[in-house]
Structure formats: structure tokens, C-alpha cells
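So the structure is just underneath, and the comments pick up after that.
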Amino acid sequence: MNGIEERFLIYTALLLVCSTAGVFVGWQAALWTLVQIACVVELVYWLGRAAGDRINDNTADCIRDYRV
């Protein structure tokens, strides 16, 4: 499963939960909750992606240094 599939799954579950919450607390509260959680999910995705790139770069440097 790649990042796009994982995010699609997360957003589908989030949409179902917020839709259910909208029935009980109102559509404005559900929409605001959806927006807040979506922002956090995207922030974590981009921060994790940047950290993963740095880790891969450092690993490649270590392997290259070891071979020399």
C-alpha cells in the first residue's frame, strides 16, 4: 500500500466519522472537525515525508562512505 492509498483510506474513514458526528452535533461542527483533522493529517504526512528523505539521504551517504 502506497502513500496515496493510505491517505485515501484515512480520509474515507474520517469522512464517515465526521458525517456520523454531523448527525448528532450539526453540520458546522462536523465540517470544522473534518477541516482540522485533515490539516493535521497533511502536516504529519509532509513532515514525515521530509524526514524520510533526510534519512534516505544520510543512509546513502553512509553506504557510499563505507564502500570507499
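Among all residue pairs at least 6 apart or on different chains, which show Cβ distances below 7 Å where the first residue, located in segment 3-28, is in contact (Cβ under 8 Å) with a residue 60 or more places away in the chain and the second is part of a helix (DSSP H, G or I) and surrounded by 12 or more Cβ atoms within 10 Å (Cβ to Cβ)?
none
Taking the stated definitions as given, is V41 under 18 Å from the mean Cα position of the chain (by Cα) and either modelled with pLDDT of 90 or more or surrounded by 10 or more Cβ atoms within 10 Å (Cβ to Cβ) (or both)? Break it down stepwise before answering.
Values: under 18 Å from the mean Cα position of the chain (by Cα): yes; either modelled with pLDDT of 90 or more or surrounded by 10 or more Cβ atoms within 10 Å (Cβ to Cβ) (or both): yes.
Answer is yes for this residue.
Where residues in segment 5-19 are over 13 Å from the mean Cα position of the chain (by Cα) and surrounded by 11 or more Cβ atoms within 10 Å (Cβ to Cβ), which of them is farthest from V41 (Cα to Cα)?
By that ranking, first place goes to S19.
The values are calculated or read from the model by the stated rules, or taken from the named source; none is laboratory data. In this text, all values refer to a predicted model and were calculated from it rather than measured experimentally. Neighbour counts are summed over all protein chains in view; Cβ atoms, including those assigned to glycine, are modelled from backbone coordinates with ideal geometry.
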